[in-house]
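Right, one structure below, let's go through it.
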Amino acid sequence: MSLKLKGIAAAPGIAIAPLVRFHSDMDYIPSRTVSDEEVATESERLAEAITAASRSILFLRHELAESIAAREMKIYDAQLALLHDETLKADMLAVIEQDKVNAERALQQVIARYETVFEDMEDILMRERAADLRDVGRQVMASLMARERSVYIADGQDYIFAAEEFLPSDAGVVDREHLCGIVTARGGKYTHAAILARSLGIPALAAVEAVLTKIESGTPVILDGESGVLIANPEDEERELYENRKSEQEETDRRVFEVRFLPSKTADGVEVSLYANVEGTRDLNQIEQNLVTGIGLFRTEFAFMERRQFPSEDEQFEMYRQAIEWAGDKVVTFRTLDIGGDKPLGYFRTPEERNPVLGWRGLRISLDWPDLFYTQIRAILRASAGGHARILLPMVTSVAEVRRCREVVDEIRADMVRSGEEHDENIELGAMIEVPAIVHVMDDIMPLVDFVSVGTNDLVQYLLAVDRDNPRVANLYTPYHPALLRVLDQISRTATAAGRSASICGEIAGDHYFTPLLLGLGFRELSMTPVFLPRVKLIARTITMQRCEELVTEAAKMTEAKEIRQLVKDEANQIWSEFLRGENG
């Protein structure tokens, strides 16, 4: 009889293979006291181990360079930064000197202390640093013990990796050629493990608590990365069903790739603009330019997060100029600095807050620190002389904020006109709709902006009062909630009535199941992570606007998120089936 375990769907796809359980090979860590004369030797051993671990991370980073996106590379950059953190090193050396213990024990003690501090933080990004610390500590420990980390293999056979957690360095010691899926007892959809799995195209589940106690190594399993289900010892009918689904997905992916450059319009000729979300200029090199209408969301804060101090106006100008130059005659939408919440700056300490996601972040910081805002707006305006740029304001909560930002842009433009500096005199200003309250005052905002962009990630989180990174309530986080459809309908109608364009730049823009609903609600601009764009384009090309509107009408009668998701999922599966049979597209 099969056993079904539920977890968090961390990376899409289906995997069918034996499950192989792995654990860290650091079960025994030597611990001893040292003499005064040995303190210097142990300190030197620690320094050499840190250097060796750095080399390992750099090698892995180079090895994965062609397999994962630039933004995922930042995971390894963050680990390197931890390794060379002077405070962390000083604390380990202090334990060696003061407690007279060996380097292994000092490392273990300090890493555990830091890990506890990080895991107790409410900030999502800082909690993720605990996993990075464990990983960095494990690599330094292996170097100290002069032990090569075991390569995770399954005798050359396809396998599904199962462990307490999948850490970034595991990507370097797994047999990636035969790795079919990843399932972990800890974690969530937004951990580094999940991010890497999605980037590598490997189906993954997280928070499957019983996976290491109820399923033995070698057990045949089915991993469903869409519904978040792991099936051990599947029945013949279950295996056949999933093998057919897997084959259909693989064939669909191949066919989707073939049609990715075809015009982006519905089956009855309605134009749909598909944009890319990027985190910096490095991401641009991995985008096929003919695939996108432009850059719908350039997250400027990541350039700030990569530095040791605030970038100057000239440094920002150069970055924005490169993006506009890459885009040619296509639009680039620059979101102004959106730090705070889950995106802190190491060199800019914000006050401790009980709930930083609802605290001092985004536009609130920009308006409280006008020098930052003025510098960024000037840099964007200067760069706008070379192409089509737009400015997007994050975390808008009031009409007064938008009015003040409009005044700032106009003031800076007037100064540039007086000084003869080139810029786009008609640059567009937009507001992100991600705070529920702003939806109800959109009529008052419309005269002040040229466009709006819906940030559905935060909008869903705030609307449902759900922390999507909290495994206890993550299952409640769903964009298919009927309330969100009604809010999106209100946003679309308000923007249309005011003659303003409205785009979607949150995750649902890249969810091909959601595409018909967004089109039926009146959205014609979708901005997403580029990897999702071909599937969204195919759905758009093989459905009519009439059918999209019918689906919205049917969904509006439903009261459960699972009903709405099943409705659009069935529609998408029908589209795939017809497409593979060559009946449309």
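Only one residue in Val402, Val460, Val396, Val452 is crowded, with 22+ Cβ neighbours inside 10 Å and in a loop (DSSP other than H, G, I, E, B). Which one?
Checking each option against the conditions leaves just Val396.
Looking for whichever is aliphatic (A, V, I, L, M), surrounded by 24 or more Cβ atoms within 10 Å (Cβ to Cβ) and assigned to a helix (DSSP H, G or I) here; the options are Leu519, Leu484. Which one fits?
Leu519
Somewhere in region 566-575, is a residue in contact with a Lys or Arg (Cβ under 8 Å, 6 or more places away or on another chain), touching a residue at least 24 places away in the same chain (Cβ under 8 Å) and under 24 Å from Phe261 (Cβ atoms)?
Checked against the condition, which is being in contact with a Lys or Arg (Cβ under 8 Å, 6 or more places away or on another chain), touching a residue at least 24 places away in the same chain (Cβ under 8 Å) and under 24 Å from Phe261 (Cβ atoms), region 566-575 yields no hits at all.
Quick one: how many residues across region 334-372 are closer than 15 Å to Tyr462 by Cβ, in a loop (DSSP other than H, G, I, E, B) and modelled with pLDDT under 70?
Qualifying residue count for the region: 2.
Does region 244-263 hold any residues that are loosely packed, with under 14 Cβ neighbours inside 10 Å and either over 10 Å from Pro534 (Cα atoms) or more than 24 Å from the chain's Cα centre (by Cα) (or both), and which are they?
Correct list: Asn244, Ser247, Glu250, Glu251, Arg254, Glu258, Phe261, Leu262, Pro263.
Based on what the data block shows, is Ala206 in the same structural domain as Glu165 (by TED's automatic domain parsing), touching a Ser or Thr at 6+ places or on another chain (Cβ under 7 Å) and crowded, with 22+ Cβ neighbours inside 10 Å?
Yes, satisfied.
Within region 177-200, can one find any residue that is over 22 Å from the mean Cα position of the chain (by Cα), touching a residue at least 24 places away in the same chain (Cβ under 8 Å) and surrounded by fewer than 20 Cβ atoms within 10 Å (Cβ to Cβ)?
Scanning region 177-200, I find at least one residue that is over 22 Å from the mean Cα position of the chain (by Cα), touching a residue at least 24 places away in the same chain (Cβ under 8 Å) and surrounded by fewer than 20 Cβ atoms within 10 Å (Cβ to Cβ), so the answer is yes.
Would you point out which residue out of Arg113, Arg105, Arg71 is at pLDDT 90 or above and either crowded, with 18+ Cβ neighbours inside 10 Å or under 33 Å from the mean Cα position of the chain (by Cα) (or both)?
So the residue among Arg113, Arg105, Arg71 that is at pLDDT 90 or above and either crowded, with 18+ Cβ neighbours inside 10 Å or under 33 Å from the mean Cα position of the chain (by Cα) (or both) is Arg105.
Hey, Phe298 hits all of (1) touching a Gly at 6+ places or on another chain (Cβ under 9 Å); (2) outside the structural domain of Ala379 (by TED's automatic domain parsing); (3) surrounded by 18 or more Cβ atoms within 10 Å (Cβ to Cβ) but one; which does it fall short on?
Every listed condition holds for Phe298 apart from (2).
Among the residues of region 535-542, is any surrounded by 24 or more Cβ atoms within 10 Å (Cβ to Cβ), of a type outside the set (A, V, I, L, M) and out of contact with any His (no Cβ under 7 Å at 6 or more places or on another chain)?
Scanning region 535-542 turns up at least one residue that is surrounded by 24 or more Cβ atoms within 10 Å (Cβ to Cβ), of a type outside the set (A, V, I, L, M) and out of contact with any His (no Cβ under 7 Å at 6 or more places or on another chain).
The values are calculated or read from the model by the stated rules, or taken from the named source; none is laboratory data. Just so you know, these numbers come straight off a predicted model, no measurement behind them. So basically every Cβ, Gly included, is an ideal-geometry build from the backbone, and we count neighbours across all protein chains shown.
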